[in-house]
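> This is the structure I have questions about; it appears just below.
The values are calculated or read from the model by the stated rules, or taken from the named source; none is laboratory data. As the structure is a prediction and not an experimental result, all values here were calculated from the model. A quick note on method: Cβ atoms are made from the backbone with ideal geometry, for glycine too, and the neighbour counts reach across all protein chains shown. Please note that ligands, DNA and RNA were not included when accessible areas were found on the heavy atoms of the full protein model with its side chains. Shrake-Rupley method; radii C 1.70, N 1.55, O 1.52, S 1.80 Å.
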Amino acid sequence: MRKSILVLAFAALAASAASWSIGPGGLSGWPGLPSSDVLETGVLRAGMSIEYIDTDNGSILRVPLKVCHGITEDIEVGAVIPFVPVDNSYDGSIMGDITLSGGWLYEKARGGTALKLTGRLTFPSGEKHRDRGAELAFGGVSSTTFLDFRLSMSAEYALNGGRNPFDDTITDVMYFNAGGSSFVTSDVLLYAGMNGSTSSIFKAGAGAQYLLNDNLALDGGVNIGLNDFENFEVYAGTSWTGEGF
């Protein structure tokens, strides 16, 4: 009986290309690609990744710790705490900007189309130039399924206060993201996307996710900077999902 249930669960995943990892801001999604998924009540997902970033000024090694929790029906919260043990680009501190996020599944239509509204607060605990600084952002993520392919698009409006939002000039910026995901087998998923902002950041990337077992997923991929100081980024990570929290 248990085996039959697992087969049906994986079949549903293959049809919807649901996320088993953590995306931008600590919410459901994939590295660099948000999705409209929301964790069920009591489900906890924790993960970490190792990111090597090559820039015009040197290399950066970043290790973000991520957590996402389904607190009530259709609502999840997340957090990202990044550590930077190697920073040859700016010789900055070991801590990056800490991010707290929330997502609300506003609407879900027949056929797999959904809209999730998001909010984000980023604290300026990182370094100038390397990290974004203080930001308060609101936006949305929409995903829809075509056969075995899932398209996700997001937009976010943010107020940026730099390293000190009480003294620095507050500016506004729009972030956008578009990409897709698809299971190629019952436990291997491929995803790709492009993201950018009105502050001249534009990247493209692709990656893969492997479901090691019912609770553990592995991720790996590459991002290419198209007009930013980051030339390319290579990353690998893992995430664990559990219930009853």
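> When Rg is the radius of gyration of the Cα atoms in segment 112-169 and Rh is its Kirkwood radius, what does Rg/Rh come to?
Values: Rg = 15.7 Å, Rh = 13.2 Å.
Here Rg/Rh amounts to 1.19.
> Sequence gap of 8 or more, or different chains, plus Cα separation below 22 Å: how many lysine pairs satisfy both in the chain? Could you put the intermediate results ahead of the total?
Working: Lys66/Lys116; Lys66/Lys203; Lys108/Lys116; Lys128/Lys203.
Eligible lysine pairs with Cα atoms under 22 Å apart amount to 4.
> Among Glu40, Glu76, Glu135, whose mean-square fluctuation peaks in a Gaussian network model of the chain (Cα, cutoff 10 Å)?
Result: Glu40 has the largest fluctuation of those listed.
> On to the next question. Please tell me the relative contact order of the chain in percent, rounded to the nearest whole number, where contacts are Cα pairs under 8 Å and at least six residues apart.
18
> Just name one of Val80, Leu218, Ser49: the one whose Cα is farthest towards the positive end of the charge dipole of the chain (beta-carbon charges, Lys/Arg +1, Asp/Glu -1).
Result: Leu218, furthest along the dipole toward the positive end.
> With all protein chains present, how much of the accessible area of the chain (probe radius 1.4 Å) comes from carbon and sulfur, to the nearest whole percent?
Working: 7770 of 12020 Å².
Carbon and sulfur together cover 65 percent of it.
> What whole-number value in Å² describes the accessible area per residue of the chain for a 1.4 Å probe? Don't skip to the answer; put the middle values down first.
On the way: 12020 Å² over 245 residues.
Per residue, the chain has 49 Å² of solvent-accessible surface.
> Then there's this: Determine by what factor the alpha-carbon radius of gyration of segment 26-75 differs from 2.2 N^0.38 Å, reporting the quotient.
Normalised Cα radius of gyration, segment 26-75: 1.48.
> Against the 2.2 N^0.38 Å scaling, with N counting residues, where does the chain land? I'd like the Cα-based Rg ratio to two decimal places.
On the way: Rg = 17.6 Å, N = 245, 2.2 N^0.38 = 17.8 Å.
The value comes to 0.99.
> Taking the Cα centre of the chain as origin and charging only Cβ (+1 Lys, Arg; -1 Asp, Glu), how large is the dipole, in debye to the nearest 20? List each step's numbers first, then the result.
Numbers: 15 positive and 27 negative charges, 127 e Å.
For the chain, the charge dipole is close to 620 debye.
> Provide Rg over Rh for segment 109-245; use the alpha carbon set for both Rg and the Kirkwood Rh (inverse mean inverse pair distance).
Numbers: Rg = 17.2 Å, Rh = 17.1 Å.
Result for segment 109-245 is an Rg/Rh of 1.01.
> Let me have the relative contact order for segment 120-201, percent, based on Cα pairs under 8 Å that are six or more residues apart. Walk me through the numbers before you get to the answer.
On the way: 169 pairs, mean separation 18.4, N = 82.
In percent, rounded to a whole number, it is 22.
> Compute the acute angle (0 to 90°) between the alpha-carbon long axis of helix 2-16 and the principal axis of greatest extent of the alpha-carbon atoms of the chain; round to the nearest 10°.
So the helix axis and the longest Cα principal axis differ by about 50 degrees.
> Which three numbers, in whole Å and largest first, are the semi-axes of the equivalent ellipsoid of segment 165-245 derived from its Cα gyration tensor as √(5λ)? Mind showing how you got there, number by number?
Values: eigenvalues 188, 66, 27 Å².
Calculated on Cα positions only, the semi-axes equal 31, 18, 12 Å.
> Distance between Cα centroids, segment 28-59 to segment 119-168: provide it in whole Å.
Using only Cα atoms to place each centre, the spacing works out to 13 Å.
> Could you work out which residue, out of Asn195, Asn57, Asn223, moves most in a Gaussian network model of the chain, that is, has the largest mean-square fluctuation with Cα springs under 10 Å?
Fluctuation is largest for Asn57.
> Using just the helices of the chain, give the 222 nm mean residue ellipticity in deg cm²/dmol: DSSP H runs with n ≥ 4 each add -39,500 (n - 2.57), and the total is spread over all residues, rounded to 500. Could you put the intermediate results ahead of the total?
Numbers: 1 runs with 15 residues, N = 245.
Value at 222 nm, helices only: -2000 deg cm²/dmol.
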